[in-house]
Each structure stands twice: as structure tokens, then as C-alpha cells.
Amino acid sequence: MTTSTQRPARDAHADPLRRVLPLLEVRPVKVAAAIGLGVLALACAIGLAAVAAWLVARASQMPPVLTLSVAVVAVRAFGIGRGVLRYCERLASHDVALRGMAALRANLYDRLAADDRPVTVRRGELLARIGQDVDDVGDVVVRAIVPAGVAVVTSLGSVVLLGVLLPSAGAALLLCLVLAGVLTPWLAARAAARTEARGAAARGDVTALSLEILEESAPLRVAGRFGARLAGLDTADARLSAVADDGARTSGFAAALGALAQGLAVLAALALGIPAALAGSLSVEALSVIVLTPLAVFEATAGLPAAAVQLHRSREAARRLLALLPASDPGSVTQAAPAQGASGEAGARGVSGEAGAPGTSGEAGGALLVLDGVAAGWPDAAGRPRTAVEGVSLTLRPGSVVALAGPSGVGKTTLLMTAAGLIPPVGGTVSAWSAERQEVGIPSYRSSDVLPTTPTTPATPSAPTSSGRLFVAEDGHLFDTTVLENLRVARGDVTAAEARTALEAVGLGTWLAALPEGLDTLVGTDAAAVSGGERRRLLVARALLSPARVLLVDEPAEHLDGRTADALVSAVAAHARATGRAVLLATHRLTPLAAADEVVALGVGEGVRARGTHADLLRTDPDYAWSAAQETDLLDPDRPAAEPG
């Protein structure tokens, strides 16, 4: 992956929270306004305690009522101001936090969409990160930064107030505030550092398992794994509860230290103020102010242990979010580039144009994707690579269609994912065309009878950046929204006319016309309102609308009857030739492969068993010919059955 300006290596070890904060797009002026309102609200609380103490002490001397009128009005003003200003502070701080969370999610989605690396976490874990973790990062403003700012300003002001009345009492208050506002949060932060990482991981496990149980309950019951998943959820929830209990003990200890510091401040005020009052250097009214003011001052430090815990929680959440983002500074603009293979050299060769790499643009006839002796597979439980298919070499040029044919389990999907850059090759190299050279974008003129994926140049203002390769999974996700919005997943500005054209191209024109609300019809949760075949063709239509130059389509004929499946494969091939794209499709169905330029037949444990055009394989490969004949017999029941061999 290429990025903008490379940062020094030390940035990789920088505070993750500091690296993520720019994505919140927080305005310092608004944060300062929230802190200012909080300071005023707490100043009213301290002023209320001080003036009320003076008023009680002065009233005990039974002076003329008029001498108390100003203090009475001040008590009333401070009492009303405290509530009003606290409400305003809550509005201001939550406005900053909520806007920051919205901006962080938008920036996170934008960078995930522009990043061509695979997301290797479970769906539930991903949901936890873009949900709870984003909230935790946003909470750093309202639960850490604002309380800390308010505490610093009001504590210093209170120390100055008591220092003017009695310097020794001000010094004692300062020491107690250091105990409550520095030592206590530090202890809470140390405890949080040990618990927050475990808490974040436990929350992710709970979310992931809950989502899996809710969405996959029927398959889990059939497989006999439902009970094991429930037990796993109970274990994860117990770990989360244990972390919460550890945090509660930390909070309780911090609260006890805060109460101890407040009590020490009051006792110190009494011990220092009474002798001064008896000596006549301090009035009785001032003594009452010195003794009772600390009761309100420590309201500022009471929230600092929780702020320290929140700071660590937000930092851990930021670290988990950074794991989803490119390695570059998330505050900078990143550019998507082709995913590389087992090592970064493959992609570099594709850009530099060395031998064997697609170094020329698609319009010049250069290759868009080259597989050179690729072995594809997945790691086993011990982390060692297990090869599913090996020795595959092929070249995809603009307008070419290559088919991977073979029975289920031969490694077709694994090879497609390797070609897409989603998993590294076990052996060989994968070289991809660079998206910075030319893109399939949005044509300047859109016609309702032409698919909106004709080649354009990078000078087209609205042409999106693309990694060049799109893997069209057999189980691709459809969202619980309208048909049109599901198609817009491929490209956000797809029009209704373009959507209809794409749906007609994959054979869904009649289906669309029968929908009650047309393109605005909801497909339901995980496409529950559509059949398997309709879902498959919706995914293919979405791929046709994408800006990718290479489509890697897995089993386009799945869940479809024979004639519909053959028509879909032919439509995808015709689209590739009309738009200058390249298509690599995996299928176990052979009859429509006459539309392919080349067929690579894979065998279980054999790798590439045979290759050539569909017509060549029918003549030279008896097994291929027999399988194709069996499919033809299914299409034409009146035809005599083919004999093997």
C-alpha cells in the first residue's frame, strides 16, 4: 500500500490516542468554551459555600438586616447560576463529544473504504470497534479533558482565595488537592492500564459471539455447535464482569482517597484557622469561609480518577481503531493502492513495469493482473501454510475473461482471494495494475442503456480512486436497506437509471419490475426478502457498477437454474469486453464457458490439470467433456445421457 508523506518511524510508537484525535475534528474553541462553562459552574458552587458560610457566621451576630442583603442576593445568584451553568456546560461538552464521534466514524469509514487491505477481524469484533470503541474515544473530551481543565482552573482559584484569607490554610489546601487531584488519578490510571486492555478485548468477544449466535443460530444448531457458542459467550461475559469488578475496586479506592483528602483539608483549616481567630488575626466570618470552602472545592477533583480511567480506556480504544487503519498517520490523507502479495515486492514490480509485471496502462494493452507460479492456501492451526492449489500462472488483460473450473474444494475461491490480495500467496507472485495509472470511472455522459463503467482517464474530476481489483464473494453482504442503496455500496453516486441497467444486465429486470416499490424496496436483514439466486445476481450487478478494473467473481452460477446461470456468465463476459475490464471467475459449471477466452481446469490435489479454450478442452479432455455433457443433459432432458470417458 502506498501512502502520502512517510512519517518517521517513531510515529508508529506514538500515543495512539494522540494519533486518532485529529479524526475527531474537535475545535479547540468549543472545548475551551465547555471548560469555561464548567469553571463558572464550579465557581458558583464554591462561591455559594463561601458566601453561605460568611452569611451564617455574620447572621449569628444579629447585625442590621441591610448588612446581609448583598450576601443573601449573592447566595441566590450563585445557587441559580450553578444549575444553569452546569446545564450549559453539559450541552457544550456533549455537543463537542457527539460531533467528534460522528466525525470519527465518518473518517473511519472513509479510510476503511479507501484501504485495500483485508479486514481480518470477525464481524462482531468489527462492530465493537466502530461502535463502542469510537464512543470511548469520543468520551475522552467530555469525561477526561473537560473535567481535568475545570479541576485545574478552579483548584488554583480556590487556593488563591484561601491564601488571601490565611496563607497557611491555602498551602494546606494545595497539598490536599495534590493528593486528591494528582496522586489519586495516578493510582487509578495505573490500575486502569492493567484492566482496560482486558476489558476492551472482552467487550469485543461478547459482541462477536452475540452477533454470531443471533445471526447463525440455525446453522450452529445443525452443526451441533450452538451450546459451545453459548458457553463461550458465558465465559466472555464472565471475563467482562471480572474486569468491571476490578474497575469498581479501583474506583472505590480512588473515591476513598478523595474523601480522605477532603477531610484532611477541613481538619487542617480548623487547626490553622482557630488559633488565628483567637489571636485576632482572622475574623470569625473568614474562619467559617476557610473551613467550609474545601467542602465545595473537592467537587472539582472528585471526577479526576474517573477521568484518568477514561483516558486509558480511550487510549486502548484508539489502539484498536488504529489496527484497522493504514500504518500511516490517520490524520493525513491516504491513497489506496493495489494490495500486494506475500511480500511488498510484487506490487512494487507492478508499478515499476519490470518483466512479468503489468507495467503499461490498460489502454496500451498491458496486463491488469499477472499470476506467476502462484500457490494459494490457508494456514493450519499451528500457523503453517497449507497449500490448496499451486502452480497457477495466468495473465489478465483488458477485455479478457478467464475461468477457473473444477469441483468444490479444489481451491478456486482461495486462488481468487489470493489474486485479489486478500490473503498472501504461499508461493509465486501476484502483480496488479496500478490504480494511479488509469481507472474505470464515471463517464462524462450517462445513458440509461449503457452500463456506467466505460474507461475514463484520471483527469476525469469525479473518477474515484480504485485499487483495480474487486473480489465478488459468493456470500457477499447485502444490507438491510433498499435495492438502490445496496448497489451504491460499489459507488456512492449510482443513479436509478444506472441501477436499472445493471439489474437488467444480470437478468433481474423482470424481478425489479415486480417489486412493490422498485429500487426503493427493502431487501431485509442479510437479504432475507430475496432468494438465493436474486441475491447472487444483486452482488454481480453491484460489481458491474464498481470502478474496479479487474473483477474476481466467485461462483456466479450458484443458486441459479442452468439457463439463468449460463446467461449470467455470458453477460459478465460481454460486459468485460465492452468496458475493457478483465474478469477471472471461478465456477464448477462448464456449459457457459464458451464465453471465456481461456479455461483453467483444476483438479483436487493436482493443481492445473488442463487449460485452453472451452472448445479445445471438449476435444482433448474426456473428463471435462463428460462433465459438460452432463450439464447439457440437465438442460435438455430429452437428449440421451452422455457416457463417461
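Which order do the peptides 510-522, 85-97 come out in when sorted by mean C-beta neighbours inside 10 angstrom, highest first?
85-97, 510-522
How far apart, in nm, are two points set 7 Å out from the Cα along the Cα-to-Cβ line at R225 and at S283?
7.9 nm
Using 0.36 nm per residue of separation minus the Cα-Cα distance, give me the extension gain between Q61 and S393 in nm, one decimal.
Extra length from Q61 to S393 when fully extended: 109.5 nm.
Take H559 and Q630, extend 7 Å from each Cα along the Cα→Cβ direction, and tell me the distance between the two endpoints in nm.
Roughly 2.4 nm, to one decimal.
Using a Debye calculation, one point per C-alpha and no hydration shell, please list log10 I(q)/I(0) for the stretch 14-322 at q = 0.07, 0.10, 0.12 Å⁻¹ in order.
-0.39, -0.69, -0.88
At what distance in nm do the modelled label points of V84 and D245 sit from each other, each positioned 7 Å from its Cα along Cα→Cβ?
4.9 nm
Any number yet on Rg/Rh for the stretch 62-108, C-alpha, Kirkwood? Don't skip to the end; give the middle numbers.
Working: Rg = 20.3 Å, Rh = 13.7 Å.
Taking Rg over the Kirkwood Rh, I get 1.48.
From zero outward in steps of 5 Å, how is the percent of C-alpha pairs of the stretch 49-178 spread across the bins?
2, 8, 11, 12, 11, 12, 10, 8, 7, 6, 5, 4, 3, 2, 1, 0, 0
Given the Cα-Cα distance of Y109 and A238 and 0.36 nm per residue of separation, how much length would full extension add, in nm?
Gain in length upon complete extension: 43.3 nm.
Every number here is computed from the coordinates shown, using simple stated rules; none is lab data. Worth saying up front: this structure is predicted, and the values here are computed from it rather than measured. FYI the Cβ positions are ideal-geometry reconstructions off the backbone, even for glycines, and counts take in every protein chain you see.
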